[in-house]
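Following: one structure in structure tokens, then a few remarks.
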Amino acid sequence: MGKEGEIIQDDQPVAPAVYWAQRDDVLILTIQVEDIDRDKNRKVTLNEKSLSFSGKGGAENKDYHCDIKFFKEVNVEDSKYNATARGLKFLIKKKEKGPYWTRLTEDKVKLHWLRTDFSYWKDEDDSDDEDQQRDANLEKLMAQMGESGGGLGDGDAPSMDDLDDEKDSDDEELPDLE
């Protein structure tokens with residue numbers, strides 16, 4: 001029970017964690033909601049200027065919702081998404097290839113639920129050979145989404161579970177402590 005005068009609204013949707021990165025021609029967005037692949041009533045709406053998401057997920061089967069108004073327009077027809085047990089992964093084509101956007105959103109405000117996805121991040125001025133592995137993973141992801149028609153029209157898209165199969169320095173065995 002809340003304090004006197006305090007309004008508690010448990011039925012209000014919460015904003016999911018959203019991670020993003022970009023290239024000169026594509027945005028990579030992840031909406032992190034566990035078990036969202038099981039929610040057949042989830043709603044994803046993408047248009048040239050915005051992305052809207054609503055769905056239920058997580059251990060407590062909470063309602064989640066977010067609206068993102070993009071900095072610039074995107075190409076809806078060439079954009080794709082995939083639902084997994086960990087969340088929704090989007091590859092959203094920019095309408096115009098060119099310099100990196102200065103931000104994801106139209107408004108220059110800090111959103112507590114929006115974060116940079118450093119696993120896909122590449123600086124605009126990085127040389128091509130510095131991030132070839134990262135780009136190869138992005139191309140693999142796009143190919144997997146394309147194979148099953150993971151467009152925005154249907155929620156069933158290919159699994160991306162094998163994206164983390166690459167060897168990482170964290171996976172190496174640690175030496176014994178003396």
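What residue, among those in region 79-110 that are within 16 Å of the chain's Cα centre (by Cα) and free of Cβ contacts under 8 Å to residues at least 40 places away in the same chain, is surrounded by the most Cβ atoms within 10 Å (Cβ to Cβ)?
The qualifying residue surrounded by the most Cβ atoms within 10 Å (Cβ to Cβ) is Thr105.
Pull out all pairs, ordered by first then second residue, where Cβ-Cβ is under 9 Å, the residues are six or more apart or on different chains, the first lies in region 55-70 and is closer than 12 Å to Pro16 by Cβ and in contact (Cβ under 8 Å) with a residue 24 or more places away in the chain, and the second is surrounded by 14 or more Cβ atoms within 10 Å (Cβ to Cβ) and basic (Lys, Arg).
Gly57/Arg42; Lys62/Lys56; Asp63/Lys56; Tyr64/Arg42; Tyr64/Lys56
Identify, please: which residue in region 40-52 is touching an Asp or Glu at 6+ places or on another chain (Cβ under 8 Å) and in a strand (DSSP E or B) and is, among those, surrounded by the most Cβ atoms within 10 Å (Cβ to Cβ)? Full working, then the answer.
So the first thing to find is which residues in region 40-52 are touching an Asp or Glu at 6+ places or on another chain (Cβ under 8 Å), and the list is 48-52.
Narrowing further to those that are in a strand (DSSP E or B): 50-52.
Working: Ser50: 15, Leu51: 26, Ser52: 14.
Restricting to residues being touching an Asp or Glu at 6+ places or on another chain (Cβ under 8 Å) and in a strand (DSSP E or B), the top hit is Leu51.
What residue, of Ser127, Ser79, is among the polar types (S, T, N, Q) and modelled with pLDDT of 95 or more? Break it down stepwise before answering.
Details: Ser127 fails: modelled with pLDDT of 95 or more.
The unique qualifying residue is Ser79.
Given the conditions (1) in a loop (DSSP other than H, G, I, E, B); (2) at pLDDT 95 or above, report the number of the one that Cys66 does not fulfil.
Condition (1) is where Cys66 drops out.
The values are calculated or read from the model by the stated rules, or taken from the named source; none is laboratory data. The structure presented is a predicted model; accordingly, all values stated were derived computationally and were not measured. Cβ atoms come from the backbone with ideal geometry, glycine included; neighbour counts cover every protein chain shown.
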